[in-house]
Every structure is written in structure tokens, then in C-alpha cells.
Amino acid sequence: MKRRSVYAAVIGGGAAGMMCALRAAENNIGQRIVILEKADRVGKKLLVTGNGRCNLSHLGAGADSYHGEGSKELINILFSKYNPDAVLHCFNRIGLLTTADSEGRVYPRSNLAASVLDVLRMRLKDHDVDTVCGADIREIRKVRGGFEVIAQDEIITAEKLIVAVGGKADYAGRESGASVINDFGLAAVKPTPSLSPVKVEGDLLRSLKGIRASASVSLIHNGEVVKSERGEVQFTDGALSGICIFNLSRYANRHSGCEIAISLLPEMSDDEVFDELSRRIKLNRGGILSDIFVGLFHKNIGLALIKTAGLKPSASCSDISTEELKTLSKHINNWRFKTVPRHDFKNAQVTAGGVRLSEINHHTFETKRHKGLYIIGEALDIDGDCGGYNLQFAFASGMCAGDHV
Ligand SMILES: Cc1cc2nc3c(=O)[nH]c(=O)nc-3n(C[C@H](O)[C@H](O)[C@H](O)COP(=O)(O)OP(=O)(O)OC[C@H]3O[C@@H](n4cnc5c(N)ncnc54)[C@H](O)[C@@H]3O)c2cc1C
């Protein structure tokens, strides 16, 4: 095996790793920096982010949007310097123009995720950062003055080692791995999937597959509302999906006995919903119960609500009692689905869990136990809500570590 020495080696050529390598190269002109990436190309996952548009940051990103033990403290320190403005300024400097939507989600001006990857790759090349692809790093040794990494057909000695291997969910929904970190005895939180569809019990969803509805949703556990969101719910076979559901998935995937309550007319009070249904019963007095949902919801949503209320879709409107209508109207703004925790990473956008934040210096991302070893991005026990928060953290942590190595 051939041997070579570099100043810094970055394991993982994803969002965090590429940004870190670039900053390290900008700060250490003339020093050798290498990225070791197991896939055949760097930044593959970036291409599929934001449905191919790459939602690379969020203007409102702050501590409240991140989860994991100690995440609020870490974000407050990190974003005091590497906030969304700083990340976007950095991208602007390296050639990427960005634009934000009305919600504050930031995308490349080109609307192409490839633009984000391309500017990073081009600037890495300008700075002579070496990229070794197909290097699935499985072994790292601590040696005097640094680290020894076994990569493909060579042994690389690095003074500084940055681990940016991401979480367990990779771009193809396959399980990826942060096993290299295990060698260092760092405390870690068991990984669980987050920003995923939420599985629900029963077969009601089968008839709703493919339907979308704008709603407000709440996750309920032990009778308490854990979190509420508003947005578009997507009904799929056996699971609820959509950004608002993704934001409930972290908790729902970790706890059994949860329910999701969907409110289909959140702008109306319970009395107003009842009045609206009563008006519709009168409007359709010659018709059947399922007719009252025409012009309000998708036909199959109406049918599923009637089934949930234990009524018959073919019942004559004139036969529906006030009590029955009350039961039906109750489900419209409190339609309950029992959730099922999931452990697989299929369709999950991020991993909750990873190396504990207490293992790293919050100002530099260097591990407290091993001088010269840095951990950044999703490999850490921190995950954000849906909307650009995760890439904002990946880039910000990459910038911070890159400025300190
Ligand atoms: C479909 C999808 C859409 C998403 N959309 C968005 C979005 O729009 N906005 C947003 O903020 N977030 C989004 N995310 C989440 C976001 O992509 C991640 O949070 C972010 O990429 C994490 O960056 P990272 O660099 O830490 O890890 P990654 O981007 O996962 O990079 C890790 C890299 O390390 C490599 N690697 C792993 N193990 C090894 C090893 N042993 N040796 C060598 N290399 C290794 C991997 O191949 C990978 O290239 C999305 C995720 C998915 C899956």
C-alpha cells in the first residue's frame, strides 16, 4: 500500500464535508487537504435535496428548529457567527446566487440543486483539494501527531481528521453508516429516522392513497399535544406524509401510543363546522350523506370520514339525526390516526441521534477527547425541522470546523 501525508483529511464528501474542506483549504493555503468519499462522486445526496431544487438554508433558522440533547446551546453558539446570512454570504462569494420564498426557505436562484454542488466542486478544484471517491473508510488509527486512515489502496496520515459521514439515511433511502466513529469511543445516541412519513394503524388510508388535503395536524401522546403544524397532508398507503407530518415524525418514530389528529377545517370552530354540515344536509335534503362533502373535500375523504363516524354513506340526508351529525362534524377537526413507530430509514430525510454534542467543543467542533478530530453535520446528535434547517446546519458546522482546523 502506498502512503502519503496530508494536513487535513475529511471523511465524507457531502454538504458538511465539502464546505469544511473548502474553508480549510482557503485558510491553509499550500497545505494538502483531501476528501475521502465512499460513493463514486461527491455530493450525490445534494442533488436530490429539495426535490432537485436544494433548499439549502432557512432565513429564520434558530435554536427552536433543532432537536437533540444540547442542540439549542450549540446552535446559539454556532449561529452567532455562522447563521443563515453567513452561509448565504459564503455561497454568494463562491458564485451561487440564492433566493428565498415567502416562508424563508432558501433555494439557488437557478432552482437547480446541481448549482450548489457545482460551485462547491469548482472551488474545491481551484484550491487543489484532492477528492478520492470509492473510498469507504472503515479503519482509522490514532498515531503520533495525527491520524492514519486506510483508504482504498493507500494509507493517509493526516494531522487533522474531520468526520462528516452523515447519518443513516442516504440519498437512496438506504442505510448509510457512521461506524468509523465507533473506533473513538465517543458517546452516541441511537439513530432513529426523522423527517419521514408516519405509519398509522388500520386500513382506512388505502382508499385515500394519493390524495392531498390542506390541514393542521397535531401529534398527541398521553393526552397532551406534543407538536402542531399546518400544511398539506399527503395520504399514502399505510402512512401519512407531507412536510407538516415530517415535522411530527421525529417524536412519532420514537414513541409508541401516539396519535395524529388532523383538522381539515382549522379555520372553523367546532360549532362552525357543525353549522356548515347542517347547512349542507339541508342543501342536499333529497340526497345521501356522502353528497354533503361534494364541494368541500375529495370524495374519498368524505367517505372515510363517514366510515370513521360509524355512519352509512348511502343514508338519506333527511334521516341523519343531530347526534349523528355532531359525531361526524367532530371528526372533521379531530380526525385521529394511531401511529406506529418506525425504525427503518426508508424515505427518511434525516437521522435523529448520532455522536452526543457533549463530546465536541461547541466553538470548533473538535472532539474534547481526541485533539485534531472533528465531527460535523448529521453524524452528530442534532437534526432540524423540514425547510432548509438541516443543510444550514451541515454547511454552518462545516464552515466552523474548516475555519478552526
Ligand atoms: C431526499 C432528501 C431530501 C432532502 N432535502 C433537504 C432539503 O431540501 N433541505 C435540507 O436542509 N435538508 C435536506 N435533506 C437533509 C440533508 O440532505 C442532510 O441533512 C445533509 O445532507 C447532511 O449533510 P452531511 O454532510 O452531514 O451528510 P451527507 O450529505 O449525508 O454526506 C455524508 C457523506 O459521507 C459519505 N460517507 C458515509 N460513510 C462514509 C465512509 N465510511 N467513508 C467515506 N465516506 C462516507 C456519504 O457517501 C456521503 O456522501 C434531505 C435529505 C434527503 C435524503
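The values are calculated or read from the model by the stated rules, or taken from the named source; none is laboratory data. This structure is a prediction, so every number in the text was calculated from the model and none was measured. Using ideal geometry, Cβ is built from the backbone for each residue, glycine included, and neighbour counts are taken over all protein chains shown. The area values use the complete protein model at the heavy-atom level, side chains included, leaving out ligands, DNA and RNA. Shrake-Rupley method; radii C 1.70, N 1.55, O 1.52, S 1.80 Å.
When Arg3 is tested against the conditions (1) within 13 Å of the ligand (Cβ to nearest atom); (2) in a strand (DSSP E or B); (3) farther than 20 Å from Asp118 by Cα, the lone failure is (1). Kindly check whether there is at least one residue in the stretch 356-373 that is modelled with pLDDT of 95 or more, open to solvent by 30 Å² or more (accessible area, probe 1.4 Å) and of a type in the set (Gly, Ala, Ser). The answer is yes; a qualifying residue exists. Here the stretch 171-203 is the region considered, the condition is being in a helix (DSSP H, G or I) and crowded, with 17+ Cβ neighbours inside 10 Å, and the residue that is modelled with the highest pLDDT is Phe184. Here Ala401, Ala304, Ala348 are screened, and the one residue that is within 16 Å of the ligand (Cβ to nearest atom), under 34 Å from the mean Cα position of the chain (by Cα) and within 29 Å of Asn253 (Cα to Cα) is Ala348.
Looking at the stretch 395-405 only, could you name the residues that are in a helix (DSSP H, G or I) and open to solvent by 10 Å² or more (accessible area, probe 1.4 Å)? Walk me through how you get there before you give the answer.
Pass one, the stretch 395-405, residues in a helix (DSSP H, G or I): 395-404.
Of everything in the stretch 395-405, those that are in a helix (DSSP H, G or I) and open to solvent by 10 Å² or more (accessible area, probe 1.4 Å) turn out to be Asp403, His404.
So which residues in the stretch 32-50 are more than 11 Å from the ligand (Cβ to nearest atom) and open to solvent by less than 40 Å² (accessible area, probe 1.4 Å), if there are any at all? Correct list: Ile33, Val34. With respect to Asp64, determine if the residue is among the acidic types (Asp, Glu) and either within 29 Å of Arg32 (Cα to Cα) or assigned by TED's automatic domain parsing to the domain that holds Phe246 (or both). Against the criterion (among the acidic types (Asp, Glu) and either within 29 Å of Arg32 (Cα to Cα) or assigned by TED's automatic domain parsing to the domain that holds Phe246 (or both)), Asp64 does not qualify. Please count how many residues of the stretch 367-392 are more than 19 Å from Lys44 (Cβ to Cβ) and assigned to a helix (DSSP H, G or I). Total meeting the criteria: 2.
Out of Ile94, Ile75, report the one residue that is within 27 Å of Asn347 (Cα to Cα), among the β-branched types (Val, Ile, Thr), in contact (Cβ under 8 Å) with a residue 40 or more places away in the chain and away from the ligand (no atom under 12 Å from the Cβ). Answer to the selection: Ile75. Evaluation of Lys168 against the conditions (1) modelled with pLDDT under 95; (2) within 9 Å of the ligand (Cβ to nearest atom) shows that the sole unmet condition is (2). Tell me, please, whether a residue that is in contact (Cβ under 8 Å) with a residue 12 or more places away in the chain, away from the ligand (no atom under 13 Å from the Cβ) and not assigned by TED's automatic domain parsing to the domain that holds Ser241 can be found in the stretch 373-388. So far as the stretch 373-388 goes, yes, one or more of its residues are in contact (Cβ under 8 Å) with a residue 12 or more places away in the chain, away from the ligand (no atom under 13 Å from the Cβ) and not assigned by TED's automatic domain parsing to the domain that holds Ser241. When Pro108 is tested against (1) more than 14 Å from the ligand (Cβ to nearest atom); (2) modelled with pLDDT of 95 or more, just one condition goes unmet, and that condition is (1).
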